[in-house]
1. Considering B:Ala64, B:Ala86, B:Ala82, B:Ala101, which residue is more than 29 Å from B:Arg242 (Cα to Cα), open to solvent by less than 80 Å² (accessible area, probe 1.4 Å) and hydrophobic (A, V, I, L, M, F, W, C)?
2. Show the residue pairs that are 6+ apart or on different chains and have beta-carbon atoms under 9 Å apart, the first residue being within segment B:101-130 and part of a loop (DSSP other than H, G, I, E, B), the second being open to solvent by 50 Å² or more (accessible area, probe 1.4 Å) and modelled with pLDDT under 90.
3. Inspect segment A:12-35 for any residue being modelled with pLDDT of 90 or more, within 14 Å of chain B (Cβ to nearest Cβ) and either part of a helix (DSSP H, G or I) or closer than 12 Å to A:Val205 by Cβ (or both) and give the result as yes or no.
4. Suppose the filter is in the same structural domain as B:Ser74 (by TED's automatic domain parsing), over 30 Å from B:Ala177 (Cα atoms) and surrounded by 22 or more Cβ atoms within 10 Å (Cβ to Cβ); does B:Thr243 pass it?
5. Considering only segment A:190-206, state which residues are buried (at least 21 other Cβ atoms within 10 Å of the Cβ), hydroxyl-bearing (Ser, Thr, Tyr) and not in a loop (DSSP other than H, G, I, E, B).
6. List every residue pair whose Cβ atoms lie under 7 Å apart, where the two residues are 6 or more positions apart in sequence or sit on different chains, the first residue falls within segment A:132-160 and is basic (Lys, Arg), and the second residue, located anywhere, is surrounded by fewer than 20 Cβ atoms within 10 Å (Cβ to Cβ) and in a loop (DSSP other than H, G, I, E, B).
7. Among the residues of segment A:63-103, which ones are more than 7 Å from chain B (Cβ to nearest Cβ), open to solvent by less than 50 Å² (accessible area, probe 1.4 Å) and assigned to a loop (DSSP other than H, G, I, E, B)?
8. Is there any pair with a first residue in segment B:44-70 that is in contact (Cβ under 8 Å) with a residue 24 or more places away in the chain and a second that is assigned to a helix (DSSP H, G or I) and loosely packed, with under 15 Cβ neighbours inside 10 Å whose Cβ atoms are under 6 Å apart and which are 6 or more apart or on different chains, and what are they?
Amino acid sequence: MNVETGIAKIETRDLDFYYGPTRALKRVNVSCYKNRVTAIIGPSGCGKSTFIRTLNRMNDVIPGTRVEGTILLDGKDVHAPDVDVVELRRRVGMVFQKPNPFPKSIFDNIAYGLRINGMKDKRKLEEVVVRSLRGAALWEEVKDRLDENAFALSGGQQQRLCIARALAVEPEVILFDEPCSAIDPIATAKVEDLIETLEKSYTVVIVTHNMQQAARVSDYTAFMMLGELVEFDVTEKIFTNPVNKLTEEYITGRFG
Amino acid sequence: MRKWASLEESVIRAFFLTCGILAVLVLVGIFATLLSTAVPAFKEIHLSEFLLKKNWDPTSPEKAEYGILSMIVSTLMVTGGALLLAVPIGIGVAAYLSDVAHWRVREIVKPIVEILAGIPSVVVGFLGIVLFGPAIAKIFHIGNGLNAVNGSVLLAIMSLPTIISISEDALNAVPQAYGEASLALGASRWQTLFRVKVPAALSGIIAACMLGMGRAIGETMTVLMATGNARAFPHGFLSSVRTMTANVAIELGEVPYDTTHYYALFAIGLVLFVMTFIVNLVADVILRKYQEREQ
């Protein structure tokens, strides 16, 4: 596992995670490089979602869980006492498995992240909403219906809305937790294209069930099994010439 | 074997059908009885006089008066006051239980709140007489604490369990995904609670408040014991008031059968029925509006 390119935006060191007595992550060491897409793959229940949710401390809200080891964001421990978790989550945005827009209008969905930060200026809000929708490749489809309820959109549009909503607060990192598992193939293609464009301005981490997706969109891939990191390398290497036997068996579809 | 199954099927169907019809019949029956007993009152009393006149003196030897406006106002005051207290507190407690409290605290507090709903109204009224009455008299420097405020406080206590319990269910029913989405955008838990969860649960919370109001508006024994029952038109929350329910309860036991007075008391019941009906209707309309917006 010798990957040395770029600057590590996020780095985990011997990351352990427990749900009560159950150990869900075992000494995971992964680096997510700046302006690169890192994919996390592995069979169901291998801890990939748990892993990505530790990066913005979303697991904090689940009672009875515990983290050990270190997660560094720009070299600073995200569990340090002086780190404000609210600020952390603003810097590390997240898009979830199922599209989860708020039961509000399209406009209000995107403006939400700005409004909670106290932005009231209507013109500024509009500007950011338009920019975010463009950034999420959704603008053309919704520009005439910003006041409509977000639930009126299709699943794929809702997911891109959620991406736009995450972009609006100008995060540095965007975490995608199986973003395409609940949407159709055409919508999936759109989201994948989008992820590739996001890489220019953001650090992206994506958990996916779909190996082709990982191969298509990512620069680096981490393969996990049973809470352990099996192999982490440049995506091309993982998919053409993996070092570990388990990785090879998984990517060739012998289990999973 | 098959024959038995189909017989069983039809017996069960018949049973549930009967239950359903029975429920409707009881409701229709109550309304019909109320209506038929109330209507004769209006042979002698003009409807506008009944609703808009302030004086209620059906036993006057000179001229009997049948105006229930004072009682309507009293009922609205006591109920409104109760809601003013119970709604903010109720929603606050519900939010605390659903979002803030440790699950162990919730497991203890929620059943306690629900037990509170089962306290007999006489007991609550008793509290009003021995506890809140003197306290109110002391605080406001008045001679007698049996007044509208006292009734409001007690009715607030009585409607709180309903409001808390149903609001909390509504807040818990808000999909976790909303909360996660909000937190992931860098919202604090308070922002998440007030800007995402409460709005998403609003239809349930409104329903909770309306049910609480229904409980308060129809309550009899407590207000009868704690509000003083003066017939005069109330001139403030510190006046002693007589609500519609209390008046019916006080007078129905002594009224001669088949008199205008007797029928007028049922007419009060009918007005109360119409009032609660309107409250429910309004609640329903509001609920539907919100649900449309959410879909």
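1. B:Ala101
2. If the second residue must be open to solvent by 50 Å² or more (accessible area, probe 1.4 Å) and modelled with pLDDT under 90, the pairs left are B:His102/A:Pro63; B:Ala117/B:Arg215.
3. No, segment A:12-35 contains no residue that is modelled with pLDDT of 90 or more, within 14 Å of chain B (Cβ to nearest Cβ) and either part of a helix (DSSP H, G or I) or closer than 12 Å to A:Val205 by Cβ (or both).
4. So B:Thr243 fits the description; yes.
5. A:Thr203
6. Cβ pairs passing all conditions: A:Arg160/A:Ala137.
7. Result: A:Val78, A:Ala80, A:Val83, A:Pro99, A:Pro101.
8. Qualifying pairs under 6 Å: B:Leu69/B:Leu52.
The values are calculated or read from the model by the stated rules, or taken from the named source; none is laboratory data. Since the model is a prediction, treat every value here as computed from it, not as a measurement. For neighbour counting, all protein chains shown are included, and Cβ atoms are generated from backbone atoms with ideal geometry for every residue, glycine included. To get the accessible areas, we keep the full protein, side chains included, count just its heavy atoms, and leave off ligands, DNA and RNA. Shrake-Rupley method; radii C 1.70, N 1.55, O 1.52, S 1.80 Å.
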